[in-house]
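Comments concern the structure below.
The values are calculated or read from the model by the stated rules, or taken from the named source; none is laboratory data. Please read these numbers as outputs of a predicted model, since none were measured by experiment. All Cβ positions, even for glycine, are placed from backbone atoms using ideal geometry, and neighbour counts span all protein chains on display. Heavy atoms of the whole protein, side chains included, go into the accessibility calculation; ligands, DNA and RNA do not. Shrake-Rupley method; radii C 1.70, N 1.55, O 1.52, S 1.80 Å.
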Amino acid sequence: MFGKKKETDKTRAWKKLAHHYKAFRKTEMRDLFKKDPQRAEKYNIVLDGLMLDYSKNRISDRTMRYLLALAQERKLKEKIDAMFSGEKINITEHRSVLHVALRNRDNTPIYVDGENVMPKINEVLGKMRDFSEAVRLGKFKGQTGKKLTNIVNIGIGGSDLGPKMAVEALRKYWGKGLNCYFISNIDGTACCEVLNKIDPETTLFIVSSKTFTTIETLTNAKTCRKWLTDALGEHAVAKHFVAVSTNEKEVEKFGINPENMFEFWDFVGGRYSMWSAIGLSIAIMVGMDNFDKLLDGAHAMDEHFKTASFDKNIPVVLALLGIWYNDFFGWKSHAVIPYDQYLQYVPAYLQQLSMESNGKFVSNDNKYVKYNTAQVLFGGAGTDVQHSFFQMIHQGTTPVPCDFIIPAISHNEVGDHHEILIANVLAQGEALMRGKTVAEAAEELKKAGKSKEEISFLKKFKSFPGNRPSNTLIFKKIDPYSLGMLIAMYEHKVFVEGVIWNIDSFDQMGVELGKQMALSILPELQGNALGIRHDSSTNNLIKTIKKLRK
Ligand code: G6Q
C-alpha cells in the first residue's frame, strides 16, 4: 500500500543525509563534546528570554548543513510565506491556515479571498475583552443576580486541549474567586463530576465547538443545559450559556442567542484555535490583558520563525533534528518533559498538535509516502516521569529523543524544591548524553565493595548506552508571554515537519472517521436489532454489551 513512488527520499539533500548517516551513526556525543569546547555555544539559540540548547544531539556541522539544505530543497521559506500570506495551503479542505493572523499584533492586512481578515479578528478580540471584563467584575451576572465564578468550558479535541493546557499553565494569574472546569469526554462521569462541584447560580458555560455538530460537546451541553434550567428555569440560559463557534445556525438551533456567540472562522484549525475565541475561558480566568500577552508571545515567535535564518531559527532546527532521528535513525517516538507542574497538560496538547497534524500517509502530490511521518509523542511532568517511563529512555532498545522544558524560577519557590527539580533535569540530560560504559559500571561496583562475581554479573545491567539526544529549553518563568512563545514554537515545528514530509498538516480525516463510525453503531446499541453490518468481532461486542446493560 505504501507507494511505489518515493518522494523526499529522491532529493539531493535526503540522499546526502542518508549517506552521511551511515558514516556518522556511531559517533559518540561524549567525543564530540571533548573535541569541541565551544559545542554548547555553537548549538544554541536565544530568543527574547527563551534559550534552546541543542548541543546534546547526534549532529555535526555537516549534519546541520545537510539538514538545512533539505529545508531549502523543500522550499521552506516559500511555504512559510504562503502560510502567513493566507494562501490556501490546506489543500484537501481548500482552506487558508491563519492561526498566525489571530496574533498578528502589527495588524498588517492579511487577505483571504480578497478580504482583509484583521478587522473581524480585532472585533472578536474586542468582544472577548468586554465580556471577560464584565464577568470578572461581576457586571455580567447570573439569572439570580450573583457573580459568575465557575467557568465551565464544554468542548473536545482542539476546542478543549488548548484552553485546558493554558488555563492550568497560568493558574497563578487566575482572577480571585474564579474557578475553571473542562468537560470534554462523552463519558457521563466527566459531566457529572463537574456538575457535582458547582452551583448553577454562579456558573457560566462556554460551549466551544467549531462545527457545533460534535456529538460529545452537544450531548454534554444539553445535559448541562437541563441541569441549569431544572434549577433556574428556561430564561437562565441567556445568562449562563455562551457559545464559541463558526456555525451561527447550529448555535441558534441549540438555543443560544447569537448575540452570546463568539465567532471564529474556517481558516483557524481546531488544534490551532486557542488564540481565537476558543480561548475565552483563558481570557476570563487570567484577564484580557494577560490573554493579549499570550498573543504577544506567540507573535514574537511568529516573527522569529518568519525572519530568522534557518540555522538560527528555533522551530526549524527542532523540526530538522526530529526528522534526522525519525527518518534516518528510524526512532519513531519523541518525549516532551516539562519540569513544572503548571505545564502538566503541555504533552497532551502537543500530542494532538503533532500527531493529528502530521500523522499522515498521503503526500500533497497524492502519492503514498515512503518515509516515516509523525513520531509518537508522549510525556509528562518531571520529576514524576523519571519514576516511570525514564527506565526505557535510559536503557530501552530504541532511543527516544527528549525535549526538556525548564522555567528557571518557580511560581512557588519553597525551600530548595526548585533547585532540586533543576538538578534533576540537568542530570538527566547529561546522563542520557554520557551514558555509563560497562567498565565504568564495573569500577563503581568495585568501589561499592562488591565481589568479583557480583561485578561480573551486574556490570552490564548497571551500564547505560548513552549517546541519547535531548533538547533543553530554558526561560525565566511561566507567564502568558513565555507560554505564547513556547506553544507557537511547537506549532511552527509541526509546520516545518509537514513541509519536509510534503503532507497536509491541517486536515484530520482520521478524527472525522471516528465521528462517522460512532454514529453508525449508536442506533444498533440503542435499538433492538443486532449488528449485522459489521465484522463478527464487532457484532459480538455489541451483543455482549447489550446483554450486560439489560
Ligand atoms: C482539531 C480537530 C478536532 C476538533 C474536535 C472538536 O484540529 O479537528 O480535535 O477540534 O473534533 O471539533 P469541534 O470544535 O467542531 O466540536
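A few comments on the model shown:
- Between K360 and A374, the built amide H atoms are under 5 Å apart, and every one of these is 5 or more places off in sequence or on another chain.
- With N as its number of residues, the range 396-436 has a Cα radius of gyration that, divided by 2.2 N^0.38 Å, comes to 1.42.
- Diagonalising the gyration tensor over the Cα atoms of the range 413-550 and scaling each eigenvalue by 5 before taking the square root yields semi-axes of 50, 30, 19 Å, largest first.
- Only helical runs count toward this figure. For the chain, summing -39,500 (n - 2.57) over DSSP H runs of n ≥ 4 and dividing by all residues gives -14500 deg cm²/dmol at 222 nm.
- Take S354: with every protein chain present and a 1.4 Å probe, its accessible area is about 10 Å².
- Accessible-area value, C192, 1.4 Å probe, nucleic acids and ligands omitted, Å²: 70
- Angle between the chain longest axis and helix 509-526 axis [Cα atoms, degrees, rounded to 10]: 50
- Summarising the label geometry, the points placed 7 Å from Cα in the beta-carbon direction at T398 and K546 lie 4.0 nm from one another.
- Over the range 424-477, equivalent-ellipsoid semi-axes from the Cα gyration tensor in Å: 30, 11, 6
- Evaluating kT/(6 pi eta Rh) at 37 °C and 0.692 mPa s, with the Kirkwood radius of the range 233-331 over Cα pairs in the Stokes-Einstein relation, gives 195 µm² s⁻¹.
- DSSP-assigned coil residues among trypsin sites (Lys or Arg not before Pro) in the range 468-542, each with at most 10 further Cβ atoms within 10 Å: R533
- Principal-axis tilt of helix 417-434 within the chain, Cα atoms, nearest 10 degrees: 50
- Gain on full extension, evaluated as 0.36 nm per residue between D31 and K477 minus their Cα-Cα distance, stands at 157.2 nm.
- For the range 250-390, the spread of Cα positions along the three principal axes, ordered from largest to smallest, is 54, 43, 34 Å.
- Debye-sum result for the range 335-490 in log10 I(q)/I(0), which assumes one identical scatterer on each alpha carbon, at q = 0.10, 0.16, 0.19 Å⁻¹: -0.49, -0.97, -1.17
- Given charges at Cβ of Lys, Arg, Asp, Glu: the chain dipole, positive-most of A69, I314, L102: A69
- Sum of side-chain charges, T397 neighbourhood, beta-carbon under 15 Å (Lys, Arg +1; Asp, Glu -1): +3
- Once the Cα atoms are used to define both axes, helix 215-232 deviates from the longest principal axis of the chain by about 40 degrees.
- Along its first, second and third principal axes, ordered by size, the range 371-463 spans 49, 48, 20 Å in Cα coordinates.
- Residues with amide H under 5 Å from that of S208, placed H, sequence gap 5 or more: I154, G155, V244
- Pairs of alpha carbons in the chain whose separation is greater than 35 Å (percent): 43
- Size-normalised alpha-carbon gyration radius of the range 91-170, reference 2.2 N^0.38 Å: 1.42
- Bridge orientation summary for the chain: considering DSSP beta bridges with both residues in this region, about 30 percent are antiparallel.
- Calculated diffusion of the range 472-522, Stokes-Einstein form, Kirkwood radius summed over Cα pairs, 4 °C and 1.567 mPa s, µm²/s: 93
- Most to least accessible of K452, K176, K367, K546 (protein chains only, probe 1.4 Å): K176, K452, K367, K546
- Stokes-Einstein, applied to the Kirkwood radius of the range 328-382 over Cα pairs at a viscosity of 0.692 mPa s and 37 °C, places its translational diffusion at 263 µm² s⁻¹.
- Karplus-based coupling profile of the range 108-125, in residue order and whole Hz: 5, x, 10, 9, 10, 6, x, 10, 5, 7, 5, x, 6, 5, 5, 5, 5, 4, with θ = phi - 60° in 6.51 cos²θ - 1.76 cosθ + 1.60 and x standing for Gly or Pro.
- Projected over all directions and averaged, the alpha-carbon convex hull of the range 122-264 occupies 8.0 nm².
- At most 16 other Cβ within 10 Å, DSSP loop - chymotrypsin sites (Phe, Trp or Tyr not before Pro), the range 340-382: F361
- Residues in the range 273-284 carry Karplus couplings, in order, of 9, 5, 7, 8, 5, 4, x, 4, 4, 4, 4, 5 Hz; the curve used is 6.51 cos²θ - 1.76 cosθ + 1.60 with θ = phi - 60°, and Gly or Pro positions show x.
- Nearest-10 value in Å² for the accessible area of R171, using the 1.4 Å probe: 100
- Distant-in-sequence amide H partners of K141 (H built 1.01 Å from N, under 5 Å): none
- By accessible area with a 1.4 Å probe, ligands and nucleic acids excluded, highest first: order of Y173, Y490: Y173, Y490
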